[in-house]
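Worksheet: the structure to be examined is printed underneath.
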Amino acid sequence: MTQTAIAVVYSSKYGTTKKICETIAEHSDSNTTFDLFCLDKGEKPNLNSYDHIIIGTSVYAGKPRASVVAFCDTNKEALAKHHCSLFVCGMDKANADKELETTYPPELRASAEQLKFFEGEFKLEDMKFFDKMILKLMLKVKQSVSRDYHNEVANFVSKIQI
């Protein structure tokens, strides 16, 4: 059986998107490998080396990470030739569709095998003062919120088709 290679390209402000990507990579086995590429560190995959591309980003105040938007724009032709799955990680579950829409270009969303919204976490202890104050004032957040993504990620990975 041929080995399937999947690139997981992401940007994470406070680490939750990274946590999701690492959980995705835990699904590597003898038939499938997941290689992680953090755009924040300047890591960029050779897309031609992969059978499937997963792209994920955190979203804060309705804004995706600029590095993911730029990656999608720069690589739109190459991405159009690949199987892709896309996700965002955010706290505004009521606007999940809008966050996916504003993060990824229409042609990439239309051709994606999956569009997924993962509900984010609040790690107040890791946040910058301004971000923490906005959460406390606007969303009335009083404590950190942590999540277990294993089942949700397993479902996401199970739907990847090559």
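For K41, which lysines qualify as cross-link partners when the Cα separation must be under 18 Å and same-chain residues fewer than eight apart are set aside? By straight Cα distance, K41 reaches K13, K18, K19. Taking the 1.4 Å solvent-accessible surface of the chain as the whole, the part contributed by carbon and sulfur is 50%.
The alpha carbon convex hull volume per residue for the stretch 60-107 rounds to 70 Å³.
Please list, in chain and number order, the residues 5+ apart from M127 or on another chain whose amide H is under 5 Å from its amide H, with Hs placed from the backbone. Residues meeting the criterion, in which the H sits 1.01 Å from N, do not exist here. Report note on the peptides 36-43, 99-106, 56-63: ranked by the mean count of other C-beta atoms within 10 Å, highest first, their order is 56-63, 99-106, 36-43.
Taken per residue, the accessible surface of the chain reaches 55 Å², heavy atoms only and a 1.4 Å probe. Here's how it looks for C84: its modeled amide H is under 5 Å from those of I53, E113, which are all 5 or more places away or on a different chain. For M91, nonlocal amide neighbours, meaning residues 5 or more places apart or on other chains whose placed amide H falls under 5 Å from its own, are G120.
The values are calculated or read from the model by the stated rules, or taken from the named source; none is laboratory data. Being a predicted model, the structure only gives us computed values, none of them experimental. Ideal geometry is used to build each Cβ from the backbone, glycine not excepted, and the neighbour counts take in all protein chains shown. Surface areas here come from the heavy atoms of the whole protein model, side chains and all, with no ligands, DNA or RNA. Shrake-Rupley method; radii C 1.70, N 1.55, O 1.52, S 1.80 Å.
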